Amino acid sequence: MGQILLLLLLGSLFIALVVTLQTKYIDPNWLDVGKYNLYTFPVMFIANTLLFIAFTKGQAIFGSLAVVVGIQIAIYMLSIALFSYLMLGQQLSWNTALGIALLVLAVFFLNRG
């Protein structure tokens, strides 16, 4: 289970970092976004490979893909909130904190079923 959580964490962190860096440094036009996606393709490939392995192994262990994806979504949202705070200077709103808490609570309930 620890390996699955590590794979989910690393995959989610890589994707959240790529998205946050794009938001901070890349102008929202087709050419710049397209070039950025080409440059970050190796990182996204690794991140998605890590997540695919975690989803497949996690589903076999937990018996529910929904639980594994729920955990990944919660990790991803926490990562986005953290990187937004550290790199973009955005404050965590009550709505965002409540949304993340609801995701964590949903994972708890999914795991009990």
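The values are calculated or read from the model by the stated rules, or taken from the named source; none is laboratory data. From a predicted model like this one, the values you see are computed outputs, not experimental measurements. All Cβ positions, even for glycine, are placed from backbone atoms using ideal geometry, and neighbour counts span all protein chains on display.
So if I check each of PHE41, PHE55, PHE62, PHE83, which one is at negative phi, free of Cβ contacts under 8 Å to residues at least 12 places away in the same chain and of a type outside the set (Val, Ile, Thr)?
Selected residue: PHE41, the only one of PHE41, PHE55, PHE62, PHE83 that is at negative phi, free of Cβ contacts under 8 Å to residues at least 12 places away in the same chain and of a type outside the set (Val, Ile, Thr).
Looking at (1) at pLDDT 95 or above; (2) among the polar types (S, T, N, Q); (3) not in a helix (DSSP H, G or I), which one does GLN90 not meet, given that it meets all the others?
Single failed check for GLN90: (1).
Residue by residue through the stretch 43-77, note down the ones that are in contact with a helix residue (DSSP H, G or I) (Cβ under 8 Å, 6 or more places away or on another chain) and under 18 Å from GLN22 (Cα atoms).
Passing the criteria: VAL43, MET44, ILE46, ALA47, ASN48, TYR76, MET77.
From VAL67, VAL33, which residue is surrounded by 12 or more Cβ atoms within 10 Å (Cβ to Cβ), assigned to a helix (DSSP H, G or I), out of contact with any Gly (no Cβ under 9 Å at 6 or more places or on another chain) and among the β-branched types (Val, Ile, Thr)?
Result of the check over VAL67, VAL33: VAL33.
For the stretch 1-56, give me each residue that is basic (Lys, Arg) and more than 18 Å from TYR76 (Cβ to Cβ).
LYS35
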